[in-house]
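Have a look at the structure below before the remarks.
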Amino acid sequence: MGYKILEKTELCPNQYELQIEAPFVTRNAKAGQFIIFRVEEEGERVPITIADVDKKNGVLTVVFMAVGYSTKKLAQLEKGDEILDVVGPLGKPTEIEKYGTVVCIAGGYGAAPCFLISKAFKDAGNKVYTIMGARNKDLIFWKDKMATACDELFITTDDGTLGRKGFVTEVLADIMEKEEVNYVIAVGPMPMMRAVANLTKEKGIKTEASMNPIMIDGTGMCGACRVTVGGEVKFACIDGPDFDAHKIDFDEVINRTKIYKDEERRRSESCNLLKQADSLR
């Protein structure tokens, strides 16, 4: 028995929202955790951060971009279809406390997990600012929903087609100048999270980054998701995904991720060449 897709929505080009019937996952799911799915028996195990949960009805919401083999297969499924496996919740939830003023920063696809995180901090009595950033307006989603989870929402786009033209760090710098910020969490591309960490480190603001390195089994056995934090090796799947952003070796993580992506591209190119050769026979 698989996990039924209750709703499917294309939020923006190549990015989808799925609502999945998964009562055993939603029962204990918290902000910052993730699931691992398999579309088919021989498929890859792919992690996706939990975007929203409806505990009463057992509905799990995930948002993903169809970029690799498995996510493209997932994107081909429709309402009523079933996903073979959904395992979770995995990872440690974001530690929610009453800090005072909290800034949640979502870069690109990071908007999805930031919804639950922002909401949890607001529910805990914090003043919450959320900053969403993307390359252009077509890649911004959930802005109305996100606005309900924070006290004030800021949007930035690289090309200025929506909100403020520029980067999320520029808005963060403005907020830090106007008032005392007690806690920052960043979710999204590694370079963005590194830039946020560099900015807040100067003022000694507690900052965490939700790490999304290559991950396979989700139990700490494979070691693919290892990151160096404060000189110690940690595993994003069981020790994270949230870590002290000022102690993460971002250069190491970015370089390792690049190696995997380069290898994936080479394999994809090889497969395409083989298909072309077969078609000529």
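Only the coordinates and a few stated rules stand behind these numbers; no lab work does. As the structure is a computational prediction, the values presented were derived from the model and not from experiment. Note that each Cβ is placed from the backbone with ideal geometry, even for glycine, and that neighbours are counted across all protein chains shown.
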Taking the alpha-carbon centroid of each part, what is the distance from the stretch 53-69 to the stretch 96-155 in angstrom?
18 Å
For Lys178, the lysines lying under 30 Å Cα to Cα, once residues fewer than eight places off in the same chain are dropped, come out as Lys98, Lys119, Lys122, Lys127, Lys137, Lys143, Lys145, Lys165, Lys201, Lys203, Lys206, Lys247
Roughly how many debye, to the nearest 20, is the charge dipole of the chain about its Cα centre, given +1 on each Lys and Arg Cβ, -1 on each Asp and Glu Cβ, and no other charges?
60 debye
For Met146, Met193, Met221, Met65, which order do you get if you count the other beta carbons within 10 Å of each Cβ and list the fewest first?
Met221, Met65, Met146, Met193
Rounded tilt (10° steps) of 190-201 against the dominant C-alpha axis of the chain
20 degrees
Relative contact order in percent for the stretch 93-210 (Cα pairs under 8 Å, 6+ apart) equals 28 percent
Relative contact order for the chain: what is it in percent, counting Cα pairs under 8 Å that are at least 6 residues apart?
15 percent
What percent do you get for the relative contact order of the stretch 3-90 when only Cα pairs under 8 Å and 6+ apart count?
40 percent
